[in-house]
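Engineer: Can you keep this structure in mind? I'll have questions shortly.
Bear in mind these aren't lab numbers, they're just calculated from the coordinates by the rules spelled out. This one's a predicted model, so the numbers in the text were calculated from it and none came from an experiment. Here the Cβ is made from the backbone with ideal geometry for all residues, glycine too, and neighbour counts use every protein chain on show.
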Amino acid sequence: MNPAELAERLRGRFADVVVARDEVTAVIERDALLDELAWCRDEPGVELGFLSSLSATHWPDAEPAFWIDYELRSITRMHRLRIKVGLAAEDPHVPSVTGMFPTANWHERETFDFFGIVFDGHPELTRILLPDDWVGHPLRKDEPLGGVPTWFHGATVPPIDERGMA
Amino acid sequence: MSSDASDLAAARDGLADLTAAFRDPATGELRQETMIINMGPQHPSTHGVLRLLLELDGETVITCKPVIGYLHTGIEKNTEYRTWVQGVTYVTRADYLSPFFNELGYCLGVERLLGIEAPPRAQVIRVLVCELNRVASHLVWLATAGLELGAVSVMLYGFREREIILDLFEAITGLRMNHAYIRPGGVVMDLPEEGPEKLRDLLRVLPGRIDDYETLLDDNPIWRERNEGVGVLTAEQALALGVTGPILRAAGVAADLRKDIPYAGYETYDFEVPVRAEADSYARYRVRIEEMRQSLRIVEQAFARLDDTPGPVMIGDPKVGWPPTLSIGPDGIGNDPAYLRHIMEESMEALIHHFKAVTQGVAVPPGEVYSAVESPRGELGFHIVSTGEHRPYRVKIRDPSFVNVQALPAMIEGYLVADSIAANASLDPVMGGVDR
């Protein structure tokens with residue numbers, strides 16, 4: 001299905017469907033996530049049964065502060081859909097989709113690792129790329145770049161704009 | 001209890017119980033002892049720094065837990081603090097065996113955000129280098145997989161042939177890997193003068209060499225014994241776990257983004273998508289060998305098109321096409337000496353423009369895209385978000401190795417330890433891509 005057809009099909013189900021740059025995006029509520037993903041997977045003709053990717057973006061000065069995006073791909077129908085869920089800064093929780101898409105397991109761990117998003121119902125929500133005792137979530141926009149203590153001998157790394165100025 | 005059984009028990013009472021050490025004192029049951037060992041992160045057969053926690057019952061793997069992150073370099077975060085063009089030099093280092101694919105996926109995304117398309121000649125060159133890269137990557141896989149299963153000569157042959165391709169890459173881009181050759185808007189420079197000659201040599205040699213590998217391995221009893229029925233991952237498992245690329249195609253699913261959702265003009269090339277049904281390590285070997293042949297087919301077609309596709313290799317907009325004039329020096333691609341003379345000695349305006357282009361680069365309109373290409377290991381996706389600034393707001397790399405390694409437990413558990421090596425090799429993970 002081409003993007004316009006897919007969007008037309010989805011508009012009967014989703015209130016907020018956008019087509020931009022030949023890509024279809026549907027914005028949905030967090031509580032509806034699991035039901036809507038299941039519908040996208042099972043609906044004949046839509047058949048988005050393959051979760052390509054899952055990630056987040058952080059917008060510290062905006063509401064919602066986090067957007068989680070699910071990149072769905074249809075192996076049979078050759079189209080794609082991006083589903084986005086907005087999360088408030090004080091409540092960065094979203095249901096885990098590992099039950100529906102086992103591939104989401106590591107993607108969700110990575111998103112937890114980098115953004116501190118909590119995926120409720122995840123079987124093992126631990127850090128994956130950073131060390132277990134790492135403090136903070138470095139892909140958040142308000143995470144300091146430098147100017148943080150290092151692990152060695154109480155030293156600090158100066159902020160990036162002060163390096164080499166000694 | 002029958003009399004026979006009680007007789008037997010009475011006879012045993014007189015003997016020392018040699019199994020006492022293996023019995024649970026409370027229940028008297030034999031303890032099912034398992035051992036947990038670390039394979040990696042420093043282990044020659046884990047393709048880099050992959051650590052596998054294996055629980056073993058004798059030689060059988062009960063559970064497997066991959067531990068990753070040892071090669072994490074923060075590529076995604078780094079791109080947020082560099083210009084759009086500089087992003088290329090970061091993403092190319094993620095999966096270091098398929099640098100052109102990283103560059104292509106990223107650049108296609110940026111181009112879609114900019115609403116531009118690379119000129120036809122650049123598209124042809126992109127396809128050409130990518131397919132050569134696919135062959136080079138599969139050759140590394142063949143070499144390392146062969147080595148891990150004891151076929152040392154295959155390792156030597158694989159790296160020998162890869163060297164031919166890397167020589168060509170060096171002639172084209174100045175570097176053997178981490179090329180940063182594909183840029184938003186096209187490629188940095190046209191093929192060098194000796195390019196066609198080198199390419200002809202390569203196309204003369206490689207097909208025969210691929211036949212040689214098959215002669216060597218196809219019916220090799222050890223190769224078959226080690227690979228057949230090992231590391232089976234069915235199509236259902238693969239799709240649920242997000243596994244793509246040769247592993248999915250070896251399980252009977254003809255999913256290939258070059259055919260399914262074409263990009264860079266792949267719909268105009270004539271090639272097939274090899275598929276096998278067995279879903280084991282051996283099937284993956286056959287798929288990859290056949291893919292190398294198909295890639296060479298595409299390279300030949302692209303090569304033939306070069307003559308009929310003259311023109312620029314970078315779009316005309318001087319704000320996007322940075323830096324304007326390049327040449328290959330001994331240390332890779334750099335500014336052309338004549339161009340440097342122009343901006344330093346002749347034209348103040350050119351210097352100002354150069355300064356702006358280098359320090360700021362182009363501002364990309366706000367929006368987000370997901371651009372995916374079929375890398376040698378499967379779907380390589382870039383989710384790129386722009387806020388209209390001179391640098392990306394977010395670049396998420398969906399690396400196929402990262403997702404594929406997740407399927408390792410499903411491929412290893414229940415098999416022997418030795419099979420885990422063969423299964424891991426057939427997965428072809430590249431840790432630079434897994435950890436990014």
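Engineer: Please work out how much length the chain gains when fully extended from B:GLU163 to B:MET35, using 0.36 nm per residue of separation minus the C-alpha to C-alpha distance, in nm with one decimal. Before the final figure, lay out each step's value.
Structural biologist: On the way: separation 128, 0.36 × 128 = 46.08 nm, distance 4.18 nm.
Stretched fully, the B:GLU163-B:MET35 segment lengthens by 41.9 nm.
Engineer: Dimensions of chain B along principal axes (Cα, Å, largest first)?
Structural biologist: Sorted largest first, the three principal extents are 109, 46, 37 Å.
Engineer: In terms of modelled amide H atoms, which long-range or inter-chain residues lie less than 5 Å from the amide H of A:GLY136?
Structural biologist: For A:GLY136, no residues qualify.
Engineer: Quote the Stokes-Einstein diffusion coefficient, in whole µm² s⁻¹, for the range B:148-270, based on the Kirkwood radius over alpha carbon pairs, a temperature of 20 °C and a viscosity of 1.002 mPa s. Don't jump to the answer; show the numbers that get you there.
Structural biologist: Values: Rh = 18.0 Å.
The Stokes-Einstein estimate is 119 µm²/s.
Engineer: Then there's this: Need one number: % antiparallel among DSSP beta bridges in the range A:3-133, to the nearest 5.
Structural biologist: Numbers: 21 of 28 bridges.
The answer is about 75 percent antiparallel.
Engineer: Still on this structure: Can you show me the helix-derived [θ] at 222 nm for chain B, built from DSSP H runs with n ≥ 4 at -39,500 (n - 2.57) apiece and divided by the number of residues, rounded to the nearest 500. Don't jump to the answer; show the numbers that get you there.
Structural biologist: Details: 18 runs with 207 residues, N = 436.
It lands at -14500 deg cm²/dmol.
Engineer: Using the Cα centre as the reference, give the magnitude of the dipole from point charges on the C-beta atoms of the protein assembly as shown (Lys, Arg: +1; Asp, Glu: -1; all else neutral), rounded to the nearest 20 debye.
Structural biologist: Working: 57 positive and 91 negative charges, 235 e Å.
Dipole about the Cα centre, nearest 20: 1120 debye.
Engineer: Another question, if that's okay. Between A:THR76 and B:LYS259, with labels modelled 7 Å along Cα→Cβ, what's the label distance in nm to one decimal, could you check?
Structural biologist: It is 1.8 nm.
Engineer: Past 27 Å, Cα to Cα, is the threshold; run B:LYS198/B:LYS396; A:LYS84/B:LYS77; B:LYS65/B:LYS259; B:LYS319/B:LYS396; A:LYS84/A:LYS141 against it and keep the listed order.
Structural biologist: Numbers: B:LYS198/B:LYS396 36 Å; A:LYS84/B:LYS77 21 Å; B:LYS65/B:LYS259 34 Å; B:LYS319/B:LYS396 25 Å; A:LYS84/A:LYS141 19 Å.
Too far apart for the 27 Å limit: B:LYS198/B:LYS396; B:LYS65/B:LYS259.
Engineer: Hey, another quick one. From the backbone phi of the range B:403-408, what are the Karplus-calculated ³J(HN,Hα) couplings (6.51 cos²θ - 1.76 cosθ + 1.60, θ = phi - 60°) in whole Hz, Gly and Pro given as x?
Structural biologist: Couplings: 6, 5, 4, 4, 8, 4 Hz.
Engineer: Please give the length that would be gained between B:HIS390 and B:LYS319 if that part of the chain were fully extended, namely 0.36 nm times their separation in residues minus their C-alpha to C-alpha distance (nm, one decimal).
Structural biologist: Details: separation 71, 0.36 × 71 = 25.56 nm, distance 1.13 nm.
So the chain would gain 24.4 nm between B:HIS390 and B:LYS319.
Engineer: How high is the FRET efficiency between B:LEU53 and B:ILE352 when r is their beta carbon distance and R₀ equals 41 Å, given to the nearest 0.05?
Structural biologist: On the way: r = 57 Å, r/R0 = 1.40.
Computed FRET efficiency for B:LEU53 and B:ILE352 comes out at 0.10.
Engineer: Spin-label point model (7 Å from Cα, Cβ direction): what's the B:THR268 to A:ASP161 distance in nm?
Structural biologist: Reported label-point gap for B:THR268 and A:ASP161 is 4.8 nm.
Engineer: How high is the FRET efficiency from B:LEU203 to B:LEU340, r the C-beta distance, R0 35 Å, rounded to 0.05?
Structural biologist: 0.45
Engineer: What translational diffusion coefficient, in µm²/s and rounded to a whole number, does the Stokes-Einstein relation yield for the protein assembly as shown at 10 °C and a viscosity of 1.306 mPa s, taking the hydrodynamic radius as the Kirkwood radius over Cα pairs?
Structural biologist: Values: Rh = 26.1 Å.
After rounding, the answer is 61 µm²/s.
Engineer: Testing the spin-label approximation: label points 7 Å from Cα along Cα→Cβ at B:ASP218 and A:GLU8. State their distance in nm.
Structural biologist: In this crude label model, B:ASP218 to A:GLU8 measures out at 4.9 nm.
Engineer: Also, I was wondering about something else. For a quick check: sort A:THR98, B:THR234 by the number of other beta carbons within 10 angstrom, fewest at the front.
Structural biologist: Working: A:THR98 21, B:THR234 12.
Placing the least packed residue first, the sequence is B:THR234, A:THR98.
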